[in-house]
Amino acid sequence: MEDYLKKAIIYDGPEDTYGPCGCGMGMAIVPVLVPKIWFEDKFPDEADYDEFCKGFDCRRVAGMSCNNVFEHEIEGETYLTNFSCCRECAQKAVEGGYAIKTEAEHP
């Protein structure tokens, strides 16, 4: 993975049912912050192939067409909130090196 592509941040909680996971195999229950650069430039190849955080997250939808994606800054890097994945995809992302886990509180 290129150095300029930052890693997604996977939170231990609060787990909830946010919608289907991008893999199509499980419910997205794990909250994730996704680097904004992924949307401005490109997803890392591994994350793109795994459909990481590409599932429908109900928190991003309000009404018919409002897109609720919020920016959150951590140490000078901008991340996008309201993304999620299943536990299996979270583990695969960490093992694949394009995400890290944290015990910090989800913003």
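With the condition kept exactly as written, say whether any residue in the range 64-72 is crowded, with 16+ Cβ neighbours inside 10 Å and within 19 Å of Pro107 (Cα to Cα). Scanning the range 64-72, I find no residue that is crowded, with 16+ Cβ neighbours inside 10 Å and within 19 Å of Pro107 (Cα to Cα), so the answer is no. Quick test of your reading of the structure: Glu51 fulfils all but one of (1) outside any loop (DSSP other than H, G, I, E, B); (2) farther than 14 Å from Val69 by Cβ. Name the failing condition by number. Failing condition for Glu51: (1).
Test Phe39 against the criterion of being in a loop (DSSP other than H, G, I, E, B), of a type in the set (Phe, Trp, Tyr), closer than 16 Å to Ala99 by Cβ and at pLDDT below 95, and give yes or no. Spelling it out, it is not the case that Phe39 is in a loop (DSSP other than H, G, I, E, B), of a type in the set (Phe, Trp, Tyr), closer than 16 Å to Ala99 by Cβ and at pLDDT below 95. Taking residues in the range 8-36 that are under 10 Å from Gly55 (Cβ atoms), and partners anywhere that are basic (Lys, Arg) and not in a strand (DSSP E or B), the pairs with Cβ atoms closer than 8 Å and at least 6 places apart or on different chains are Tyr18/Arg59; Gly22/Lys54; Gly26/Arg87. Here Arg59 meets each of (1) in a helix (DSSP H, G or I); (2) under 10 Å from the mean Cα position of the chain (by Cα) with one exception, condition (2).
The values are calculated or read from the model by the stated rules, or taken from the named source; none is laboratory data. Keep in mind it's a predicted model, so treat the numbers as computed, not measured. So basically every Cβ, Gly included, is an ideal-geometry build from the backbone, and we count neighbours across all protein chains shown.
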